[in-house]
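Heads up, the thing below is written out as structure tokens.
The values are calculated or read from the model by the stated rules, or taken from the named source; none is laboratory data. Please read these numbers as outputs of a predicted model, since none were measured by experiment. All Cβ positions, even for glycine, are placed from backbone atoms using ideal geometry, and neighbour counts span all protein chains on display.
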Amino acid sequence: MPFSTLSRITSTLVATLHTRLDLICVELEEELLRFSSYFIYALIAVFCGGIAAVLVALLILVLFWEDHRISVLLTVIAFFSASSAFIVIWLRKKMLDKPRLLDQSIAQFKKDAELLHSDQTEAVRQNGLEL
């Protein structure tokens, strides 16, 4: 095999590897941004929900202080506990439904491997050799 052919093959492989590594970096950045946004929104929701929960609970408790304070307090606790459970289940589903980390890169590497294998097979056939 001439040196120029080997050089072109090597440069093509290096360029392909560089492109794939760029794709991996982009996917990692996207995953970091996605996780950061989930985390920030979750913190904001917890903060706002906590303040609202305390204020609503206090308001309802003050409104019914004379007659039904225990039953109102239990109702408020049950409501906020159920809301918290719903949000945790929803957030867990969102996190499980996200795309697999580096999924596109892995798929592209598989395509590259298949292409290289088919190119090798074709080259062997053209030269009249058996695999």
key: the stretch 56-82: number of residues that are within 38 Å of the chain's Cα centre (by Cα), of a type outside the set (S, T, N, Q) and surrounded by 12 or more Cβ atoms within 10 Å (Cβ to Cβ)   = 6
ask   = Residues A113, A85: which one is modelled with pLDDT of 85 or more, exposed (fewer than 11 other Cβ atoms within 10 Å of the Cβ), over 22 Å from F35 (Cβ atoms) and not hydroxyl-bearing (S, T, Y)?
value = A85
inquiry  = I'd like the full set of residues that are surrounded by 12 or more Cβ atoms within 10 Å (Cβ to Cβ) and either over 25 Å from Q108 (Cβ atoms) or of a type outside the set (D, E) (or both), limited to the stretch 27-49.
reply    = L28, R34, F35, Y38, A42, A45, V46, G49
